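The values are calculated or read from the model by the stated rules, or taken from the named source; none is laboratory data. Note that the structure is predicted; figures quoted are calculated from it, not measured. Positions of Cβ are backbone-derived with ideal geometry, glycine not excepted, and every protein chain shown enters the neighbour counts.
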Amino acid sequence: MKRNLLYWALALCLVLPGCSWLRDSPPVPPSGPAKDSAPRQVLDPAMINDAVPRWEPITSRGNVSPYVVMGRRYELMTDYRDYRERGIASWYGTKFHGRLTSNGEVYDLYKMTAAHKTLPIPVYVKVTNLNNGRTAIVRVNDRGPFHGDRIIDLSYAAAVKLGFADQGTAPVEISVIDLDNKQLANDPARERAPGANYFLQVAAFQVKGSALRLQAELAGRHELPVHISASNDSPPFHRVRVGPFTDYLEAERVRRMLERDNYGLASIVTDNSKP
């Protein structure tokens, strides 16, 4: 009986925005009110600033693909550049304020953030309210919404800026602001950024010879740059990594190719990830 209760508790966690469902996430703080609502503080839409787009590494945390919620399977987009979508937007507020988002950040209803089912995290999106023409730029850091035909769940602040916080939902168009492309690969600011390169972690072995054999196979069969890094464990694990890639989508393309060739589920990690 206890096992069944735990199973359903975990299943419920998957469908709630603001709930981190990764195993390595810190504990989720106590939830807010049972019913979601707006805060008491009245916000002036003219005083709400857009999120400022900047290049950020797309890490494995928050980007599990595929994943299943309420019996439905979702896969993250393999090509999200120039992506546009029209549909219904909603917002989430006090019920989830202070709780963890899918990538382990703390949801703040006063910040310009959003949840999307299949865009990578983080990515910046321009949202246009089709009823009044108002626009806002938000940073996607969460998964959802998993209700009806809604395409994006916005923070309360974003809903206020767009002018539909009182209605709850609105028809919108969303468009991705592309900051993770090859044209930026040689940008000195990006080169100095932590986690500026992506790697595929394919496997880890305690026996170094096994890692060397896999390295030779990947390098020979697919002509990929393959590296072996040792962990600080005793005895150490020898982790086989493919890369580096300056482009997330290229790393994702190779990851799926290796999966099709029965190399298992490689993880995309950044160059400042622990070996």
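Is it fair to say Thr118 is farther than 21 Å from Pro45 by Cβ and among the hydroxyl-bearing types (Ser, Thr, Tyr)? Reasoning before the result, please.
Working: farther than 21 Å from Pro45 by Cβ: yes; among the hydroxyl-bearing types (Ser, Thr, Tyr): yes.
Spelling it out, Thr118 is indeed farther than 21 Å from Pro45 by Cβ and among the hydroxyl-bearing types (Ser, Thr, Tyr).
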- Task: For segment 219-240, state whether one or more residues are small (Gly, Ala, Ser), part of a helix (DSSP H, G or I) and farther than 25 Å from Glu56 by Cα.
- Result: yes
- Query: Has segment 178-198 got any residue that is modelled with pLDDT of 90 or more and buried (at least 17 other Cβ atoms within 10 Å of the Cβ)?
  - Reply: no
- Task: May I ask you to list the residues in segment 134-170 that are of a type in the set (Asp, Glu), crowded, with 17+ Cβ neighbours inside 10 Å and either touching a Leu at 6+ places or on another chain (Cβ under 8 Å) or modelled with pLDDT under 90 (or both)?
- Result: none
- Sort through Asn131, Asn63, Asn103, Asn49 and tell me the only one that's surrounded by fewer than 16 Cβ atoms within 10 Å (Cβ to Cβ), part of a loop (DSSP other than H, G, I, E, B), touching a residue at least 12 places away in the same chain (Cβ under 8 Å) and touching a strand residue (DSSP E or B) at 6+ places or on another chain (Cβ under 8 Å). Asn131
- Task: Can you tell me which residue within segment 66-87, out of those that are under 18 Å from Arg256 (Cα atoms) and among the acidic types (Asp, Glu), is surrounded by the fewest Cβ atoms within 10 Å (Cβ to Cβ)?
- Result: Asp79
- Message: When you scan segment 87-104, do you find a residue that is among the aromatic types (Phe, Trp, Tyr), more than 17 Å from Arg143 (Cβ to Cβ), assigned by TED's automatic domain parsing to the domain that holds Thr135 and modelled with pLDDT under 80, even just one?
- Response: no
- Item | Flag for Val125 being under 16 Å from the mean Cα position of the chain (by Cα), of a type outside the set (Ser, Thr, Tyr) and farther than 21 Å from Pro45 by Cβ | no
- Message: Take Asp50 and tell me if it is of a type in the set (Asp, Glu) and closer than 22 Å to Ser267 by Cα.
- Response: no
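Let me confirm something: among Glu217, Glu173, which residue is out of contact with any Gly (no Cβ under 9 Å at 6 or more places or on another chain) and at pLDDT 85 or above? Working first, answer last.
Numbers: Glu173 fails: out of contact with any Gly (no Cβ under 9 Å at 6 or more places or on another chain).
On inspection, the qualifying residue turns out to be Glu217.
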